[in-house]
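A.B. asks: Pasting a structure below so you can have a look.
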């Protein structure tokens, strides 16, 4: 997922590696990403033709590397964001990263992503319901299952809201 975030951070304008480390880290809810994560990705992106790298003067007279997304990189990012599988639907990170970039994706792709996540959540809810009915979970086990089912219900409600944003014409019909 980090590779998608790094590529997406270059959508609006070229950036220095240091800025990418900082911004991607913030987006992922942590401090700056480690050099050993960011720079190998940037080298790979450059080798694949997704990103260009040029040397530019820094603020204090030093040279800095600036990275920019190419048209091929933009297409690759959009294709990778659009390629959402049933396996991806099981991943909290894979789903939420896609939703974060929904504005880049066509409505039908957004709808497919929402449907796959909904299917997974309904399946998971069914498994928790079966577990709750089949086993004596004890006081705390039952609390965990109740909490998980509430989280699923909350996410399904959020997805319904995303659908209304995605297909505004359905708002008038409801």
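A.B. asks: In region 28-78, which residue that is exposed (fewer than 10 other Cβ atoms within 10 Å of the Cβ) and at pLDDT 95 or above is nearest to residue 7 (Cα to Cα)?
C.D. replies: 71
A.B. asks: Just to confirm my filter: which helices (runs of 4 or more DSSP H) fall fully inside region 67-117 and include at least 3 residues that are within 21 Å of residue 9 (Cβ to Cβ) and in the same structural domain as residue 11 (by TED's automatic domain parsing)?
C.D. replies: Of the helices (runs of 4 or more DSSP H) lying wholly inside region 67-117, those with at least 3 residues that are within 21 Å of residue 9 (Cβ to Cβ) and in the same structural domain as residue 11 (by TED's automatic domain parsing) span 71-82.
A.B. asks: Among the residues of region 14-36, which ones are under 23 Å from residue 70 (Cβ atoms) and part of a loop (DSSP other than H, G, I, E, B)?
C.D. replies: Those that are under 23 Å from residue 70 (Cβ atoms) and part of a loop (DSSP other than H, G, I, E, B): 14, 33.
The values are calculated or read from the model by the stated rules, or taken from the named source; none is laboratory data. Note that the structure is a prediction, hence the values are computed from the model and not measured. Here the Cβ is made from the backbone with ideal geometry for all residues, glycine too, and neighbour counts use every protein chain on show.
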